[in-house]
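Here is the structure we will look at, set down as structure tokens.
What follows is calculated from the coordinates using simple rules that are stated; it is not laboratory data. Remember, predicted model here, so these are calculated numbers, not experimental data. For neighbour counting, all protein chains shown are included, and Cβ atoms are generated from backbone atoms with ideal geometry for every residue, glycine included.
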């Protein structure tokens, strides 16, 4: 069978297998995590781009994917968004899968404009995957799915998010007795049912926070074909042992994000000897995370 | 009593009273709605800015507010977002209240970055109000509320949206028998309870689509202090008669959006004699909408 890998989900899975590493590195630049030397001859947007390029160079051979969080660029206006676009280009040129963490969602005509911005061919911010917010319903997500289908991209829809108050709405008990996030998980599973790649996973994935391991396990059962993007590991408090339930029995089916745990490793006492080399510290932290994940839940070959 | 009007919601209400017009003009530029002549010597982002400025000049004395939809600028990348920023500046300088239709929402640190982008003082895209998506819970919204509080801005949180499939999640029946949107409306009302301006309305408003008049009436009762931003009038199918239930008895409490009904009026057979003057057509359409709203639900003085 010829491997076309035209679906982003298939390319992601091939990269995870190739690196033996089900993790994604979050590129969420905060001012205080960027070495002051980078600000010496340039503004923050340019400093961020230089910082990201060095991180990407340092991890491109050991990690399958990066996930820039657009808010951290948007705060700097058009210049920041130009840095976001160039970060994506640089990461894709380095062979990394890019998940644009944009959490958009709107009425169909507007969602189509967002898809044109973020996952259509020739899009100014063209990522391989984007995160989407499903609160507005199927027609707020379907323009992304159409673009994902025709251009070999994918989406991750929010289901149960990692933040402390995610339960305010997501945990509301529905008339069937299920919490809302399970109903949303079922919908996301339906939306992706006819969009399966050659490894059996859908182009419609789900976001479920590492901080909710029990819910993750339940959702794993409800959405067997959805790849799960898992934020909240490391700095947000979850450990690798919390993650086992997010993976299927074959060790596949989830990808775990860490952001400042990697990119701000140079500020951590754990990597003190690398405090003058943020890129080397990020590489070391990315390898430690990979090994941590492999021990409990990574691909078993 | 000295009128400080430091809250955006108070400034909005004063503008609505001053113009006798509870409407907001959506600036959602689509390529096909911009006269081809504007593309002659410039790219689309520049054409959009020129188009928007002419619309703003044409309506500034008769409308209280404009609502640019950021997706329609984001599709053009950093240049489009620069046009978004300059559109906001131009509209505020013309005395209009600006609602940035961004529908953001994310974990607290990320939401804080979005707030820094869109409603903090000195923000690159500083609007008076922004729309936010509440699916992630209170901590995804609270950084906007903090910025709104300290800078005299406000938010509108999605409750029941105007699109055909908004019921996929929003209409799910909860264990108490209420539909989800009513529970969300109650939460939004709680989040805004201690943020009341001098006219008794909260800095935390709600988005409820004109296409759902029965639900709008129910939500009006559930959220008496929330100003309701109402999309879906005109092109999306709702008529003024559908809107009465969104307003309180005093004729206040809601603001109705129309986008292409105003900005693409020059393409409508109704305004055929103004087809060569898009700004004049927009002004005429905005006055017709104002009169339409006044007849059924506008401020009664």
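Across the identical copies, the 7 Å label point of residue A:14, projected outward along Cα→Cβ, sits 6.2 nm from its counterparts, in ascending order.
If you sort the three axes of the alpha carbon gyration tensor as a ≥ b ≥ c, you get a/c of 1.5 or more for the protein assembly as shown and a/b above b/c, which makes it prolate.
Taking every DSSP beta bridge that has both ends in the range A:169-291, the antiparallel portion is near 25%.
Would you mind checking the tilt of helix A:77-93 against the longest principal axis of the Cα atoms of chain A, expressed as 0 to 90 degrees and rounded to 10? The two axes meet at around 80 degrees. Note on the range A:159-222 and the range B:30-103: Cα centroid distance 37 Å, given to the nearest whole angstrom. When the helix-only estimate is applied to chain A (DSSP H runs of n ≥ 4, each -39,500 (n - 2.57), divided by the residue count), what is the mean residue ellipticity at 222 nm, nearest 500 deg cm²/dmol? Rounded to the nearest 500, it is -12500 deg cm²/dmol. Here the contact order of the range B:153-301, divided by its residue count and restricted to Cα pairs under 8 Å and six or more residues apart, works out to 19 percent. If R0 is taken as 25 Å, the Cβ-Cβ distance between residue B:41 and residue A:37 corresponds to a FRET efficiency of 0.05. Look at the stretch A:92-103: the mean tally of other chain Cβ atoms within 10 Å of its residues' Cβ atoms is 1.
Most tightly packed first, judged by the mean number of other beta-carbon atoms within 10 Å of their residues, the peptides B:68-77, B:207-216 read B:68-77, B:207-216.
Take every pair of alpha-carbon atoms less than 8 Å apart whose residues are at least six positions apart; their mean separation over the length of chain B yields a relative contact order of 19 percent. Once you sort the root eigenvalues of the Cα gyration tensor of the range B:10-101 as a ≥ b ≥ c, which label holds: rounded (a/c under 1.5), prolate (a/b larger than b/c) or oblate (the other case)? Prolate is the answer for the range B:10-101, as a/c is 1.5 or above and a/b outweighs b/c. The mean number of Cβ atoms from other chains found within 10 Å of a Cβ in peptide A:170-178 is 4, as a whole number. Mean separation of Cα pairs under 8 Å and 6 or more residues apart, divided by the residue count, gives the range B:200-260 a relative contact order of 38 percent. Here the calculated FRET efficiency for residue B:50 and residue B:291, from their Cβ-Cβ distance with R0 = 22 Å, stands at 0.20, rounded to the nearest 0.05. Mean per-residue shielding of peptide A:77-87 is 5, counting Cβ atoms of other chains within 10 Å of each Cβ. Seen against the Cα atoms of chain B and their longest principal axis, helix B:8-19 is set at about 50 degrees.
Would you work out if the range B:8-293 is rounded, prolate or oblate? Take a ≥ b ≥ c from the square roots of the eigenvalues of the alpha-carbon gyration tensor; rounded if a/c is under 1.5, else prolate when a/b is larger than b/c, oblate otherwise. Note, shape of the range B:8-293 comes out prolate. Simple spin-label estimate for residue A:277 and residue B:276 gives 7.1 nm between the two label positions (7 Å along the Cα-to-Cβ direction from each Cα). Relative to the longest principal axis of the Cα atoms of chain A, the long axis of helix A:278-296 lies at roughly 30 degrees. With the Kirkwood sum run over all distinct C-alpha pairs, the range A:128-207 has a hydrodynamic radius of 13.1 Å. Shown here: the range A:104-162, whose C-alpha atoms stretch 30, 24, 18 Å along the first, second and third principal axes, sorted largest to smallest. Sorted shortest first, the distances from the residue B:277 label point to those of the same residue in the other copies are 7.0 nm; each point sits 7 Å from Cα along Cα-to-Cβ.
Between identical copies, the spacing of residue A:40 label points, each set 7 Å from Cα toward the C-beta atom, reads 5.2 nm from nearest to farthest. DSSP beta bridges fully contained in the range A:8-296 are about 5 percent antiparallel.
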